[in-house]
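Asks: After the structure tokens below, expect a handful of questions from me.
Values quoted throughout were computed directly from the atomic coordinates according to the rules given, and no laboratory measurement underlies them. Bear in mind the structure is a predicted one, so any value in this text is a computation, not a measurement. Because the Cβ atoms are built from the backbone with ideal geometry, glycine has one as well, and the counts that use them run over all protein chains shown.
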Amino acid sequence: MMGYYKMIWQVLFSLSLVSLGSCAQGFLARPTLRDASRPDPGGLRATRSYRTCYITQKIDHFGFSEDRTFKQRYLVVDRHWNEDTGSVLFYTGNEGDITWFANNTGFMWNIAEELNAILVFAEHRYYGESLPFGNKTFSDVKYLNYLTSEQALADFAVLIQHLKNTVPGILNTPVIAIGGSYGGMLAAWLRMKYPNIVIGALAASAPIWQFENLVPCGTFYRIVTEDFRKSGDCCSQSIRNSWAAINRLASSKEGLKWLSSAFHLCSPLKTLEDAAVFKAWLSETWVNLAMVDYPYKADFLEPLPAWPIEVACKYLKYSKLPDKLLLQNIFQAVNIYYNYTGSTSCFNLSQTATKSLGLQGWSYQACTEMVMPLCSDGISDMFEPQKWDLHAYSEECFNTWGVKPRALWIPTLYGGKNISAHSNIIFSNGGLDPWSGGGVTHNITDTLVAVVIPEGAHHLDLRSNSPFDPSSVLQARLLEVHYMKLWIQQYRANKGPK
């Protein structure tokens with residue numbers, strides 16, 4: 001089960017082409033038939049064009065003996081740019097292909113005209129096409145030494161300075177960092193570490209406090225459980241009861257065979273170790289449903305209906321059932337997540353989310369600095385009891401990557417909960433999002449503000465406007481734009497970042 005905690009996160013110019021570096025025209029993915037029923041005001045998805053650009057970055061920004069470089073990819077949109085009144089909205093890329101995050105961050109596209117903004121989506125090193133050592137990048141752990149949040153932030157800072165120094169009219173333009181999830185953490189940290197480069201940041205669903213000794217390790221799973229509890233009278237209890245049912249069946253070969261057949265698994269379960277992997281797969285399914293419990297059809301991780309937890313819970317109305325009948329209902333609920341389109345013939349336990357996420361890179365980061373303690377007790381949550389064991393986690397990381405995590409490094413580096421000296425950061429969190437437990441949900445100062453969205457799942461506020469958006473997310477977006485305009489106004493009044 002300990003490996004589950006590492007994969008949970010695997011659960012973001014019409015000017016001179018020469019001045020932008022190496023750029024090419026491109027288009028974000030157009031809607032497919034399965035997207036046709038999803039609301040898309042103004043046809044934004046179909047008209048989102050961008051230029052793909054590259055900048056040469058140092059592999060190591062902090063040493064002086066390493067002189068190798070790599071190409072970092074970024075996307076640029078300048079349709080609404082105004083040199084006199086404009087801004088730069090800079091997306092701090094997450095753990096995956098940057099085009100995927102650009103395609104799922106409609107909020108930036110929605111507000112670009114209002115802020116006369118250039119949009120820049122920067123890819124995180126070691127993800128997508130931005131591989132420091134090309135095809136060799138993940139062939140040996142020695143090539144991963146430069147995969148850190150610090151190096152990624154330095155890439156972003158260098159890229160922004162490059163744009164300011166090479167693109168006509170941008171030198172004195174205010175830059176606002178925007179990101180969601182890990183990208184939201186990076187947006188906040190970019191403002192903290194480089195306040196001379198970005199005037200403010202929107203950190204959506206950014207669990208900057210989900211680290212050792214900052215929040216209780218059980219908060220995450222309690223929020224997931226509450227999402228399911230509110231969506232059906234016996235929903236969370238059915239899931240809680242399912243673990244014992246699985247354990248009883250997994251104790252025999254016949255039971256393992258039945259589980260494999262009942263859940264349509266591509267590879268049959270043969271051992272208790274296989275059963276443990278199966279339970280981890282189920283756990284991540286419930287977590288992912290909580291993260292993407294959006295009020296409309298969406299395909300952020302998998303194609304899903306509106307309010308997918310409510311749909312799944314329709315199959316979990318009775319918690320006190322014989323083992324096989326209970327688990328048949330569990331299968332129907334799981335089927336909502338993995339097979340809503342009806343096109344999947346069998347389930348692969350090694351795949352729980354989109355292939356656009358860079359799982360290798362994140363596994364390494366989770367074993368070095370991004371160590372986020374998670375635990376469950378089976379009483380206040382619906383999961384099997386699992387203590388947080390840093391020693392066991394560390395040993396698994398060493399066996400996998402040959403490295404041991406520095407659990408306290410991120411709080412040391414970025415200030416933990418003592419961040420009141422910083423300014424101009426919006427921390428937005430959805431009440432349905434389990435990562436909100438590690439996020440900033442109360443104002444720290446007048447300029448470090450929290451925006452809580454009760455009906456919001458994982459960075460719902462960064463998605464495109466929809467007629468089905470709850471009022472709380474509409475209000476959140478208005479407030480976020482209000483603060484951005486205020487920062488821009490203050491910047492221009494003072495003629496520089498503060």
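Asks: Once both labels are modelled 7 Å past Cα along the beta-carbon direction, what's the Asn135-Glu150 spacing in nm?
Replies: 3.3
Asks: Going by C-beta contacts inside 10 Å, put Asp60, Asp469 in order with the fewest on the left.
Replies: Asp60, Asp469
Asks: Can you pull the one-decimal nm distance between simple spin-label points at Asn418 and Lys257, each 7 Å off the Cα toward Cβ?
Replies: Distance between label points: 6.3 nm.
Asks: Full-extension gain between Gln490 and Thr341, please, as 0.36 nm times their residue separation minus the C-alpha to C-alpha distance.
Replies: Numbers: separation 149, 0.36 × 149 = 53.64 nm, distance 4.89 nm.
Working it through step by step, the gained length comes to 48.8 nm.
Asks: If you don't mind, there's one more thing I want to ask. Would you please name the GluC sites (Glu not before Pro) within region 117-151 that are DSSP coil residues with at most 15 other C-beta atoms within 10 Å of their C-beta?
Replies: Working: sites: Glu123, Glu129, Glu150; in loops: Glu123, Glu129.
Those satisfying the criteria are Glu129.
Asks: Under 1.5 on a/c is rounded, so check that first for region 377-425, then, if it is not, pick prolate when a/b is larger than b/c and oblate when it is not; a ≥ b ≥ c are the square roots of the alpha carbon gyration tensor eigenvalues.
Replies: Since a/c reaches 1.5 but b/c is at least a/b, the shape of region 377-425 is classed as oblate.
Asks: Which of rounded, prolate, oblate describes region 131-249, given a ≥ b ≥ c as roots of the alpha-carbon gyration tensor eigenvalues and a/c under 1.5 marking rounded, otherwise prolate only if a/b is larger than b/c?
Replies: Prolate.
Asks: Further question: Rounded, prolate or oblate: pick one for region 233-383, where a ≥ b ≥ c are the square roots of the eigenvalues of its C-alpha gyration tensor, a/c under 1.5 means rounded, and failing that, prolate if a/b is larger than b/c, else oblate.
Replies: Rounded, because the longest to shortest axis ratio a/c is under 1.5.
Asks: Also, quick follow-up: Based on other C-beta atoms within 10 Å, arrange Phe133, Phe107 from fewest to most.
Replies: On the way: Phe133 17, Phe107 25.
Neighbour counts put them in this order, fewest first: Phe133, Phe107.
Asks: Over what distance in Å are the Cα centres of region 104-124 and region 244-290 separated?
Replies: Answer, in whole Å: 42.
Asks: In deg cm²/dmol, rounded to 500, what helix-only [θ] at 222 nm does the chain give when every DSSP H run of at least 4 residues adds -39500 (n - 2.57) and the total is split over its residues?
Replies: -11500 deg cm²/dmol
Asks: To the nearest 0.05, how large is the calculated FRET efficiency for Asn443 and Ser471 if R₀ is 22 Å and r is the Cβ-Cβ distance?
Replies: 0.55
Asks: In this model, which of Lys142/Lys164; Lys142/Lys387; Lys297/Lys317; Lys71/Lys404; Lys253/Lys314 are farther than 26 Å apart at the alpha-carbon?
Replies: Checking Cα-Cα distances, Lys142/Lys164; Lys142/Lys387; Lys71/Lys404; Lys253/Lys314 exceed 26 Å.
Asks: Please report Rg (one decimal) and Dmax (integer) in Å for the Cα set of region 348-432.
Replies: 16.2, 47
Asks: Also, quick follow-up: Scattering from the C-alpha atoms of the chain alone, worked out with Debye: what is log10 I(q)/I(0) at q = 0.13 1/Å?
Replies: Reported log10 I(q)/I(0), two decimals: -1.28.
Asks: Just to be sure I understand: of the beta bridges DSSP finds with both ends in the chain, what percent are antiparallel, rounded to 5? List each step's numbers first, then the result.
Replies: Numbers: 22 of 48 bridges.
In the chain, DSSP labels about 45 percent of beta bridges as antiparallel.
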